[in-house]
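Let me begin by presenting the structure, written as structure tokens, before commenting on it.
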Amino acid sequence: MQFHVLTIFPEFFASPLSVSLLKKAQDRGLVACHVHNLRDYTADKHRSTDDAPYGGGPGMVMKPEPIFAALEALGRRLERPKRLLLSPQGTPLTQQKVGQLAAEQTLVLVCGRYEGIDERVRTVVDEEVSIGDYVLSGGEIAALVVIDAVARLVPGVVGRQESTRDESFSTGLLEYPQYTRPEEFRGLRVPEVLLSGHHADIARWRRRQALLRTRERRPELLDTAPLSLEEKRWLAEQGLSPTYG
Ligand code: JF5
């Protein structure tokens, strides 16, 4: 999987791409990240990437020329680039969308700045994607979110153990509570069932905890999560527990 990022702040990407999972994925040749400075695609002597808005008003707007020039230059070099614009006006990013993006060979991520981007840029991208209903100072953090989420789905990037774990959005539910040593910490005990060694009991307890937690925090997920009839019946029988109520 190849990622190409267009940004006026290429420095932004140095440390997030140089640690942990993304670093390992790049070192192993599973993922390549190329960060392109939009200023390198300017033609004027001040290397401007923004200008005042037509019609007046506050702030500056990103100019179309550097973005068009960068996309055209990349388009000549890349095989089948999928061009994404990160903005709060885009289609919300879901794990399903992440899965679709992971099926691409090359993603080009265009980072706008918060004040705005010339509308004509939208004519040269394939999709506009939002990572959530809040405003960031720029698309850079959103691009890193997309890179991280998509890279995790590239075969070999995430270890077999982690990828078979019951993560939320694979089960359609929130995750069950987890504990590590010690057995008792500041008077807080690890639930007895987890110390029992009874794998079937542990699996049932975890599933039930995930169901309770999902109902409490994200009840709308229960509308689409695949639950068995027995689980639906069990959940309906449960009052609000002291833990979650
Ligand atoms: C941006 C115009 C880009 O704020 C965001 C964002 C929020 N969710 N997803 C992306 O991107 C920065 C703002 C305005 C273009």
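The values are calculated or read from the model by the stated rules, or taken from the named source; none is laboratory data. Values in this document were obtained by computation on a predicted structure and should not be read as measured data. Positions of Cβ are generated from backbone atoms using ideal geometry, with glycine treated the same way; all protein chains shown enter the neighbour counts.
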Check A149, A200 and return the single one that is of a type in the set (A, V, I, L, M), surrounded by 10 or more Cβ atoms within 10 Å (Cβ to Cβ) and in a helix (DSSP H, G or I). A149
Only one of (1) touching a Ser or Thr at 6+ places or on another chain (Cβ under 8 Å); (2) away from the ligand (no atom under 16 Å from the Cβ); (3) in contact (Cβ under 8 Å) with a residue 40 or more places away in the chain does not apply to K63, and that is (2)
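Per-residue answers, yes or no, for (1) touching a helix residue (DSSP H, G or I) at 6+ places or on another chain (Cβ under 8 Å); (2) in a helix (DSSP H, G or I); (3) touching a residue at least 24 places away in the same chain (Cβ under 8 Å):
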residue	(1), (2), (3)
S163	no, yes, no
E167	no, no, no
L211	yes, yes, yes
A236	no, yes, no
L240	yes, no, yes
Residue under question is R83, and the condition is that it be within 16 Å of the ligand (Cβ to nearest atom), farther than 26 Å from S170 by Cα, touching a helix residue (DSSP H, G or I) at 6+ places or on another chain (Cβ under 7 Å) and among the charged types (D, E, K, R); does it hold? yes
Out of the stretch 99-120, which residues are of a type outside the set (D, E, K, R) and either buried (at least 18 other Cβ atoms within 10 Å of the Cβ) or modelled with pLDDT under 95 (or both)? L101, T106, L107, V108, L109, V110, C111, G112, Y114, G116, I117
Just checking, does the stretch 96-104 include any residue being in a strand (DSSP E or B), among the charged types (D, E, K, R), more than 14 Å from the ligand (Cβ to nearest atom) and more than 16 Å from I8 (Cβ to Cβ)? no
Verdict on R113 being more than 9 Å from the ligand (Cβ to nearest atom) and over 17 Å from the mean Cα position of the chain (by Cα): no
The condition of being more than 26 Å from R213 (Cα to Cα) and acidic (D, E) holds, among E162, E140, E183, only for E140
Determine the pairs where a residue that is under 13 Å from Q2 (Cα atoms) and more than 7 Å from the ligand (Cβ to nearest atom), located within the stretch 134-153, has a partner that is assigned to a loop (DSSP other than H, G, I, E, B) and not aliphatic (A, V, I, L, M) with Cβ atoms under 9 Å apart, the partner being 6 or more residues away or on another chain. V150/E104
Identify all residues within the stretch 158-196 that are among the hydrophobic types (A, V, I, L, M, F, W, C) and at pLDDT 95 or above; write none if there are none. V158, L173, L174, F185, L188, V190, V193, L194, L195
